[in-house]
1. So how many residues does region 92-105 have that are surrounded by 15 or more Cβ atoms within 10 Å (Cβ to Cβ) and either within 11 Å of residue 61 (Cβ to Cβ) or of a type in the set (A, V, I, L, M) (or both)?
2. State yes or no: is residue 135 under 23 Å from residue 17 (Cα atoms), touching a residue at least 40 places away in the same chain (Cβ under 8 Å) and part of a helix (DSSP H, G or I)?
3. Would you say residue 40 is in a helix (DSSP H, G or I), within 19 Å of residue 105 (Cβ to Cβ) and in contact (Cβ under 8 Å) with a residue 40 or more places away in the chain?
4. With respect to the numbered conditions (1) more than 16 Å from residue 142 (Cα to Cα); (2) surrounded by 18 or more Cβ atoms within 10 Å (Cβ to Cβ); (3) of a type in the set (Lys, Arg), which one is the sole condition not fulfilled by residue 34?
5. Can you confirm whether residue 38 is modelled with pLDDT of 95 or more and under 19 Å from the mean Cα position of the chain (by Cα)?
6. From (1) in a helix (DSSP H, G or I); (2) in contact with a helix residue (DSSP H, G or I) (Cβ under 8 Å, 6 or more places away or on another chain); (3) not acidic (Asp, Glu), pick out the condition that doesn't hold for residue 144.
7. From 135, 130, 105, 92, which residue is of a type outside the set (Val, Ile, Thr) and farther than 19 Å from residue 42 by Cβ?
8. When only residues in region 39-56 that are closer than 12 Å to residue 83 by Cα and of a type outside the set (A, V, I, L, M) count, which is surrounded by the fewest Cβ atoms within 10 Å (Cβ to Cβ)?
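The values are calculated or read from the model by the stated rules, or taken from the named source; none is laboratory data. Not measured: the values here are computed from a predicted model. A quick note on method: Cβ atoms are made from the backbone with ideal geometry, for glycine too, and the neighbour counts reach across all protein chains shown.
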Amino acid sequence: MSATTFPTTSAHAVAVAAHRSRTDPAYGAYMLLRIGFTALPLVFGIDKFANVLVHWDVYLAPWLDRLSPFSTRDTMLIIGAVEIVAALAIALKPRYGAYVVAAWLAGIVINLLTFPGFYDVALRDFGLLLAALTLARLASVFDPAWKWRRQHS
C-alpha cells in the first residue's frame, strides 16, 4: 500500500461523505434528505407501537378502517411496520427506496384528504412526497444502480 492509498473503512467513508457534503451542495442535499427520510419514517414507524408522539389511530380514514380486516390498532401496527421497512429501504438503497416512500406518502395524502380535519397534515405530507421524489432524482446521480446479472445457459 502506498502512502497515498487509504484503507477503506467505515470511519474513512464517513469522513469522505462529510467532506463531500460540505463542498458539493447537490451531494449535501442528497445526504440531508437520505438521513431525514431514514430517521423520520423510522421514528414514526416505531411510535406506531408506542403512541408516545400522538395517538395514531385517529389518522386512519373511517372508510379505510372499515375496509381493513384488522382492528384499527392492528392496522396502525402494520402501517408502522411498513414505515420501518421504508426507512430501511432509504438507508440501504435510496435510488429505489425513495420511490417506495413517495408512494407511501401519496397513500397517506389520499387517506388524509378523504375525511375532514387533517387537510393541513395532508398538505405537509404532500410536501414530504415532493422531497422524497427529489431524493430519488438526486439518488439517480449519487447512488449507483443495481447491476442485474443474466444467467447464461
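1. Number of matching residues: 5.
2. Against the criterion (under 23 Å from residue 17 (Cα atoms), touching a residue at least 40 places away in the same chain (Cβ under 8 Å) and part of a helix (DSSP H, G or I)), residue 135 qualifies.
3. Yes: the conditions hold for residue 40.
4. Only one criterion in (1) more than 16 Å from residue 142 (Cα to Cα); (2) surrounded by 18 or more Cβ atoms within 10 Å (Cβ to Cβ); (3) of a type in the set (Lys, Arg) is unmet by residue 34, namely (1).
5. In short, yes.
6. All conditions pass for residue 144, except number (1).
7. Matching residue, one of 135, 130, 105, 92: 130.
8. 49
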